[in-house]
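Student: My questions all concern the structure below.
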Amino acid sequence: MATGRGKGTFPGGVHPAEGKAISESRAVEAVPPPKQVAILLSQHLGAPCQPLVAKRDKVQAGQMIGKSESFVSAPVHSPVNGTVKDIALQSHPVIGRVTAILIEADAEGNTPQTPVFNRFDHTFSPEPFAVETICGAVNDGGLVGMGGAGFPTRVKIEPNPAMIKEVLVINGCECEPFITCDYRLMIEGTWQVLAGIRLAAKAAGVEKIRIGIEDNKPLAIGAMTEAAATVKDIDIAVVPVKTKYPQGGERQLIRSVLGKTVPTGQIPPTIGVCVLNIATCAAIADAVVLSRPLTHRVTTVTGHAIAKPGNYYVAMGMSVADLLDHCGGLTAQVAKVLMGGPMMGFAIADLTTPLTKTSGAITVLTQDDVTKAKYEKQQTPCIRCGRCLTACPEGLNPTKIAHAVKFNRMDLAEQYYMSACIECGCCSFVCPANIELTGYIKTGKILVARAKKRMQA
Ligand code: SF4
Ligand code: SF4
């Protein structure tokens, strides 16, 4: 059995406090349907959806309510039976305000959706499902990478003669501190996750599957290893990897699990690799086998100020405020509410912000957490210690890029490979001068993207 310490690693990285004990032992619990949801029309990388419904229309749970004809996009669905109250701008966790379909749920007839872990077991076979059926269900179900990137899953897994995929790497690392939703899925929904992995492998046409899991999750390693041992029709193995942030970065995981490097500026399929995360695989099984579109997901609600932290099965479009209320509300003075974890999450000021397909966690930080994490310590000049260079998993020079952005020299920032930054936050984390290097780099990338858009217009 592939348990024990993981050897696989990558250059750079950091070891932040894990904070997972708050929620890791809490079983997934279904949240009752919210009274209202706001379904954002842009929850993915690619073209935003256009509404398929109008104000006052009645909608059913699971009904497609928005889609785009673009190749890179994913449709959205209603998680409840209800009535379209409005189509209006709404806070997005990352990109400001975007159009959303606001739905008022019917007072009667909305039963809580629950996970379907017990619908899968060791007898599952992908054999009856044709590649086109898998890709069609994944597309129509609105699946996107649920680990945070939000890239449409159909585009990732469907056959592409220009980029033949040989290996499917499954990201079971969940390296971001505090978050435990994928961990719970691997333990409670082992067979569902495995079914999704096998369906994705069939669609992608790979010969080999490797499941990378950090070695601080022995129960998940044990469960997935035992389940994988029942599969005889493809080369599949669990690979324990070192616990180190950002082990779950696509490029870092490929290095740790396969010993291969994805060249700078290129994507994993260029070296024959497709990477999917655990929640996405569970959603593939849901969509293909049970025809359930992506309307719910497991989200970790965590932090030292939550009355009932845990892992919740929650409707997309529910507001952060409603979810926090369901979790018993707040017990201490809150300094920050993050969509995501403390390394890569986004602070949100508007708690009416709805949950999206990529909302893996809500982390509530107290003033004490913030002070300990040195987020608000005073910035001092760079002392040229080089720690940010050593920590950067992409081998970049964060201080030079940040400096170029600060002085509005985007041409220089680009020459220092700013676009190769994966925004992991390691450089800011180690900087003894408290310089928000990642913040500068994120800003620089936004400015470059806007300038490109202006030139195209
Ligand atoms: S420069 Fe980017 S990739 Fe490198 S450590 Fe900083 S945030 Fe991470
Ligand atoms: S870690 Fe901070 S102080 Fe050290 S070289 Fe980088 S920017 Fe300068």
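The values are calculated or read from the model by the stated rules, or taken from the named source; none is laboratory data. Since this is a predicted model, take the numbers as computed values, not measurements. All Cβ positions, even for glycine, are placed from backbone atoms using ideal geometry, and neighbour counts span all protein chains on display. Note: areas computed on protein heavy atoms with side chains; ligands, DNA, RNA excluded. Shrake-Rupley method; radii C 1.70, N 1.55, O 1.52, S 1.80 Å.
Student: Between Ala420 and Thr261, what is the label-point separation in nm under the 7 Å Cα-to-beta-carbon projection?
Tutor: The answer from the label model is 0.9 nm.
Student: How about region 38-108: which trypsin sites (Lys or Arg not before Pro) there are in a DSSP loop, with at most 14 other Cβ atoms within 10 Å of their Cβ?
Tutor: Within region 38-108, the qualifying trypsin sites (Lys or Arg not before Pro) (loop, at most 14 other Cβ atoms within 10 Å) are Lys55, Arg56.
Student: I want to check the label-to-label distance for Asp325 and Ile95. Put each point 7 Å from Cα in the C-beta direction and report it in nm to one decimal.
Tutor: 2.9 nm
Student: Show me, for region 38-49, the HN-Hα J-couplings you get by feeding each phi into the Karplus relation (A = 6.51, B = -1.76, C = 1.60, θ = phi - 60°), rounded to Hz, glycine and proline as x.
Tutor: Karplus values, whole Hz, x for Gly and Pro: 10, 8, 5, 7, 10, 10, 8, 6, x, 5, x, 7.
Student: With a Förster radius of 30 Å, plug the Cβ-Cβ distance of Thr9 and Thr443 into 1/(1 + (r/R0)^6) and report the FRET value to the nearest 0.05.
Tutor: Given R0 = 30 Å and the Cβ-Cβ separation, E is 0.50.
Student: Taking H placed 1.01 Å from N in the peptide plane, check which residues at least 5 places from Val238 or on another chain put their amide H under 5 Å from its amide H.
Tutor: Long-range HN contacts for Val238: Ile211.
Student: A further question on this structure: Residue by residue through region 379-391, what is 3J(HN,Hα) from phi via Karplus (6.51 cos²θ - 1.76 cosθ + 1.60, θ = phi - 60°)? Round to whole Hz and write x for glycine and proline.
Tutor: 7, 10, x, 4, 9, 6, 7, x, 5, 5, 5, 5, 7
Student: If the chain between Leu290 and Ile164 were fully stretched, how many nm would it gain, using 0.36 nm times the residue separation less the Cα-Cα distance? Walk me through the numbers on the way to the answer.
Tutor: Numbers: separation 126, 0.36 × 126 = 45.36 nm, distance 2.85 nm.
The Leu290-Ile164 span can extend by a further 42.5 nm.
Student: Looking at the chain only, what percent of DSSP beta bridges run antiparallel? Nearest 5 please.
Tutor: In the chain, DSSP labels about 60 percent of beta bridges as antiparallel.
Student: Further question: Roughly speaking, to the nearest percent, how much of the chain's 1.4 Å accessible area is carbon and sulfur?
Tutor: Carbon and sulfur: 54 percent of the exposed surface of the chain.
Student: Here is a further query. Post the alpha-carbon centroid distance, region 298-364 to region 60-138, in whole angstrom.
Tutor: That distance is 20 Å.
Student: Run the numbers on region 387-456 and let me know its relative contact order in percent, using alpha-carbon pairs under 8 Å that are six or more apart.
Tutor: Contact order relative to length: 34 percent.
Student: Among all helices in the chain defined by DSSP H, which have a length of 18 Å or more along the axis from Cα atoms plus a Kyte-Doolittle mean of at least -1.0?
Tutor: 190-204, 437-456
Student: Need one word for region 131-270: rounded, prolate or oblate. Basis is the Cα gyration tensor (sqrt eigenvalues a ≥ b ≥ c); a/c below 1.5 gives rounded, then a/b vs b/c decides.
Tutor: Note, shape of region 131-270 comes out rounded.
Student: For region 312-327, in order, what is each residue's ³J(HN,Hα) by Karplus, 6.51 cos²θ - 1.76 cosθ + 1.60 with θ = phi - 60°, in whole Hz (x at glycine and Pro)?
Tutor: 10, 8, 10, 6, 4, x, 5, 7, 4, 4, 5, 5, 4, 4, 4, 8
Student: If eta is 0.890 mPa s and T is 25 °C, what Stokes-Einstein diffusion coefficient results for region 219-310, Kirkwood Rh from Cα pairs, in µm²/s?
Tutor: D = 150 µm²/s.
Student: Report, in deg cm²/dmol and to the nearest 500, the calculated mean residue ellipticity at 222 nm for the chain, where each DSSP H run with n ≥ 4 adds -39500 (n - 2.57) and the sum is divided by the residue count.
Tutor: Working: 14 runs with 129 residues, N = 457.
Counting only the DSSP helices, I get -8000 deg cm²/dmol.
Student: Classify region 387-456 as rounded, prolate or oblate, taking a ≥ b ≥ c as the square roots of the eigenvalues of its Cα gyration tensor: rounded when a/c is under 1.5, otherwise prolate if a/b is larger than b/c and oblate if not.
Tutor: The shape class here is prolate.
Student: Whose amide H sits under 5 Å from the amide H of Thr356, counting only residues 5 or more places off or on another chain, with H placed in the peptide plane?
Tutor: Gly317
Student: Taking H placed 1.01 Å from N in the peptide plane, check which residues at least 5 places from Glu214 or on another chain put their amide H under 5 Å from its amide H.
Tutor: Cys173, Val241
Student: To the nearest µm²/s, what D does Stokes-Einstein give for the chain at 25 °C and 0.890 mPa s, using the Kirkwood radius over alpha carbon pairs as Rh?
Tutor: Working: Rh = 22.5 Å.
Reported coefficient: 109 µm²/s.
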